[in-house]
1. Go through (1) without any contact (Cβ under 8 Å) to a residue 24 or more places away in the chain; (2) farther than 26 Å from residue 59 by Cβ; (3) small (Gly, Ala, Ser) and name the single condition residue 239 misses.
2. Select, from 134, 144, the only residue that is touching a helix residue (DSSP H, G or I) at 6+ places or on another chain (Cβ under 8 Å) and assigned by TED's automatic domain parsing to the domain that holds residue 89.
3. Residues 75, 59: which one is in contact with a helix residue (DSSP H, G or I) (Cβ under 8 Å, 6 or more places away or on another chain) and farther than 17 Å from residue 16 by Cα?
4. Quick one: count up the residues across region 88-99 that are hydroxyl-bearing (Ser, Thr, Tyr) and surrounded by fewer than 17 Cβ atoms within 10 Å (Cβ to Cβ).
5. Which of the residues that make up region 238-272 are over 17 Å from the mean Cα position of the chain (by Cα), small (Gly, Ala, Ser) and closer than 30 Å to residue 37 by Cα?
6. Restricted to region 78-130, and to residues that are in a helix (DSSP H, G or I) and β-branched (Val, Ile, Thr), which residue is nearest to residue 65 (Cα to Cα)?
7. Suppose we keep only residues that are under 15 Å from residue 7 (Cα atoms) and modelled with pLDDT of 95 or more within region 102-125. Which one would you say is surrounded by the fewest Cβ atoms within 10 Å (Cβ to Cβ)?
8. With the requirement that a residue be hydrophobic (A, V, I, L, M, F, W, C) and more than 30 Å from residue 168 (Cβ to Cβ), what does region 38-88 give you?
Amino acid sequence: MAKVQLVTDSTTCLGAEAARELGVLVAAGSFAFEDERIGDGEDAWRAAYERVRAGGRLPRTFAPPESAYVAHFRPAAEAGRPVLCLVTPFDVSPSFTTASAAMLTVQDEVPSARVKISNPGVGHAGLGALLTTLARLARAGAGLDDLLTALEELEPMTDALVVPAETRWLEACGRLALVEEKLGELDGDVPVLRVGTRVTGVARAASHEAALAEAVRRVGQRADGAPLNVVVAHAAAPGLAEEAADRVRRQYPVGRLIVTELSMAIGAVVGPGAVAIGVAPSGAGGD
């Protein structure tokens with residue numbers, strides 16, 4: 001068992017199977033259509049994207065409640081294990097607020113508890129890739145201070161890009177104008193978006209395929225040749241995700257690659273058919 005318990009929120013793109021294997025606990029959020037509120041999960045997201053494709057509106061999304069974090073923090077604290085919780089940037093989800101409240105609750109109940117909440121400024125698939133690297137270090141015996149040092153080193157080399165299938169979902173949620181402030185009026189072009197401390201445009205291309213190729217070209221550049229852990233997440237577009245994964249394998253040295261469903265927190269911004277790519281060096285210092 002790792003010395004440190006890693007925790008994250010369900011906006012992170014890891015997939016339930018990979019999270020269990022890595023030893024990462026996931027606090028679940030939810031999303032809601034007008035007539036129904038649904039808990040986060042890959043099957044639920046997949047069904048929701050198909051519902052939107054069939055003519056439904058994009059749902060509203062909700063961060064995990066404080067109780068979801070407490071349920072993960074408390075057992076670790078009672079067992080004397082430190083907790084490192086990585087959450088999605090606030091522009092996408094207010095998870096930092098509820099996770100911090102849960103930390104204070106647990107520290108009141110267990111005064112010896114060591115719980116650190118970090119908002120590393122990278123979202124969805126990038127946060128999943130970063131956690132994949134940190135989980136490997138934790139299994140190798142890294143303590144909380146070791147992981148925090150690694151996090152500080154890895155964060156600038158981590159990235160998360162996403163390519164929507166079309167821009168109407170960005171327009172529907174009020175984000176298109178912000179993207180076009182950076183890229184200019186798209187006029188039918190497809191944007192490449194970065195999800196960090198905010199959602200911003202970084203490039204544009206004439207087609208979805210060309211935009212995906214540009215996202216792959218850009219997404220590993222910060223790592224400066226280091227082997228990468230990669231997460232490719234999709235909004236009910238598995239074929240496109242596999243194509244993007246193949247492109248990544250051809251262009252970069254890959255340690256581990258996870259393909260999973262795109263969490264609704266970002267899916268409700270970019271819509272069905274979107275593909276996200278997140279990368280992080282596979283070890284501190286790129287080793």
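1. Status for residue 239: all satisfied but (2).
2. That would be 134, the only listed residue that is touching a helix residue (DSSP H, G or I) at 6+ places or on another chain (Cβ under 8 Å) and assigned by TED's automatic domain parsing to the domain that holds residue 89.
3. That would be 59, the only listed residue that is in contact with a helix residue (DSSP H, G or I) (Cβ under 8 Å, 6 or more places away or on another chain) and farther than 17 Å from residue 16 by Cα.
4. 1
5. Answer for region 238-272, where residues must be over 17 Å from the mean Cα position of the chain (by Cα), small (Gly, Ala, Ser) and closer than 30 Å to residue 37 by Cα: just 239.
6. Looking at residues that are in a helix (DSSP H, G or I) and β-branched (Val, Ile, Thr), I get 98.
7. Of everything passing the filter in region 102-125, 116 is surrounded by the fewest Cβ atoms within 10 Å (Cβ to Cβ).
8. Hits for region 38-88 are 68, 70, 71, 73, 76, 77, 79, 83, 84, 85, 86.
The values are calculated or read from the model by the stated rules, or taken from the named source; none is laboratory data. Treat the numbers as computed from the prediction; the structure is a model and nothing was measured. Methodologically, a virtual Cβ is constructed for each residue, glycine included, from the backbone with ideal geometry; neighbour enumeration extends over all protein chains shown.
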